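Q: Submitted below is the structure of interest, expressed as structure tokens.
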Amino acid sequence: MNIMDFNVKKLAADAGTFLSRAVQFTEEKLGQAEKTELDAHLENLLSKAECTKLWTEKIMKQTEVLLQPNPNARIEEFVYEKLDRKAPSRMNNPELLGQYMIDAGNEFGPGTAYGNALIKCGETQKRIGTADRELIQTSAINFLTPLRNFIEGDYKTITKERKLLQNKRLDLDAAKTRLKKAKVAEARAAQLNTSQPEENNIMVNVSYVLNLLHVKWLKIWAEEVTKSEQEVRITQSEFDRQAEITRLLLEGISSTHAHHLRCLNDFVEAQMTYYAQCYQYMLDLQKQLGSFPSTFLSNNNQSSTTPVQSLSTPSVLASASASLPSVSNSVVTSGISELKSSSGSRKARVLYDYDAANSSELSLLADEVITVYSIPGMDSDWLMGERGNQKGKVPITYLELLN
């Protein structure tokens with residue numbers, strides 16, 4: 001029973017406080033009550049905190065879009081994070097593209113020009129995909145997590161304390177308003193007590209009695225002066241204490257900026273590492289494709305002794321294509337044709353390594369010289385190669401016939 005009485009009293013007190021704050025807030029908005037203003041330093045700190053929160057949210061969200069452009073994947077990761085479960089591992093876009101290229105290359109045949117190039121490109125794309133995963137993981141730990149901790153942790157605490165400061169200010173201003181009203185009532189009571197009836201008639205006496213009753217009612221307000229003054233002192237003390245707590249929290253925004261600056265440096269370093277890796281991977285791939293003969297780029301049966309030195313720009317490719325003389329192509333083509341139509345053999349230099357796909361093929365090492373010849377019914381893309389007592393089919397695009 002006592003506990004119930006206490007809860008009812010507390011509920012009534014809280015309801016009274018809430019009503020008092022609501023009245024004070026409404027009167028302030030209507031310009032009917034005075035408002036205690038915060039000092040300029042505290043106002044500047046509050047403005048700085050709001051600005052920090054606003055831009056931190058925007059930077060964090062856009063960074064998430066940069067690292068994971070797929071909105072469905074971001075939603076899935078968010079749900080798993082809230083459920084405290086690990087999201088299933090899936091191939092990212094470069095890895096998926098790389099796998100498709102490798103599968104296509106194997107389907108076309110690793111010994112063909114196009115198939116081999118697809119496999120090399122696919123392997124490079126998968127390396128880029130791995131680097132992309134490392135960038136996302138590093139950025140999430142070193143950059144996104146600190147920003148999110150500020151939004152969901154520090155700023156929530158600041159918001160809570162700021163709201164409490166607002167309530168303390170409303171309590172203080174409500175107490176000041178009650179004190180002002182009590183003092184006005186006390187002054188009016190003192191003025192009425194000094195006045196006496198000047199005429200001895202019934203109407204004057206009735207008026208005087210009503211005034212006495214009014215005075216007694218006003219004395220109730222007068223008795224509130226002492227109580228109101230004490231309430232103002234208490235609310236002022238609570239407001240000052242809460243303002244100091246809020247100020248200390250807000251001054252920590254400068255430390256937050258310094259921490260976020262270190263996190264930003266980590267993010268930039270992670271991006272620099274990622275792009276450097278991608279550049280190196282593509283540079284290595286360019287060198288591998290650049291070492292192929294021109295037929296490897298055109299993927300036809302013609303061969304050329306002039307390798308493509310660079311794939312960096314379309315103009316270089318155009319000039320390289322323009323510089324290939326038709327005479328050279330006709331000479332090499334006629335050499336292959338003569339070899340296929342005759343029963344003789346020729347020496348050939350291996351342009352780059354080749355791993356035999358089965359026992360009927362011969363593995364090759366770059367720059368070695370082997371003997372090649374043709375047999376009736378053989379595919380136009382292949383020749384028979386001999387190295388000592390080893391022999392097997394070899395792709396003509398890997399060879400350069402020697403005079």
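The values are calculated or read from the model by the stated rules, or taken from the named source; none is laboratory data. Since the structure is predicted, the reported quantities are computational estimates derived from the model, not experimental observations. We place every Cβ from the backbone using ideal geometry, glycine too, and count neighbours over all the protein chains shown. All accessible areas refer to the heavy atoms of the entire protein, side chains included, with ligands and DNA or RNA removed. Shrake-Rupley method; radii C 1.70, N 1.55, O 1.52, S 1.80 Å.
Q: For Gly98, what is the net charge nearby, where nearby means another residue's Cβ is under 9 Å from its Cβ and Lys, Arg count +1, Asp, Glu -1?
A: 0
Q: Now, a different point. Ordered by residue, what ³J(HN,Hα) values in Hz, to whole numbers, does the range 95-103 give under the Karplus form 6.51 cos²θ - 1.76 cosθ + 1.60, where θ = phi - 60° and Gly and Pro are x?
A: Each residue's phi maps through the Karplus curve to give 5, 5, 4, x, 5, 4, 5, 5, 4 Hz.
Q: Considering only the other residues whose Cβ falls under 14 Å of the Cβ of Gly252, what net charge follows from Lys and Arg at +1 and Asp and Glu at -1?
A: Here the count lands on +1.
Q: Assuming 0.36 nm per residue, please report the length gained on full extension of the stretch Ile141 to Ser363 beyond their Cα-Cα distance.
A: 75.2 nm
Q: Continuing with this model, one more query. Taking Cα centroids, how far is the range 131-191 from the range 354-403 in Å?
A: Their Cα centres are 80 Å away from one another.
Q: Oh, and also: Please identify the trypsin sites (Lys or Arg not before Pro) of the range 70-110 that satisfy two criteria: DSSP loop assignment and at most 15 other Cβ atoms within 10 Å. Which are they?
A: Counting only loop positions with at most 15 other Cβ atoms within 10 Å, the trypsin sites (Lys or Arg not before Pro) in the range 70-110 are Arg85, Lys86, Arg90.
Q: Calculate, for the range 346-401, the solvent-accessible area per residue in square angstrom, rolling a 1.4 angstrom probe over the heavy atoms of the protein chains.
A: Accessible surface, normalised per residue, equals 51 Å².
Q: Taking 2.2 N^0.38 Å as the expected size of a compact globular protein, what ratio does the Cα radius of gyration of the range 346-401 give against it, to two decimals?
A: Here the answer is 0.98, to two decimals.
Q: A follow-up question, please. Under unit Cβ charges (Lys, Arg +1; Asp, Glu -1), what dipole magnitude, rounded to 20 debye, does the range 346-401 have relative to its Cα centre?
A: Value, rounded to 20: 260 debye.
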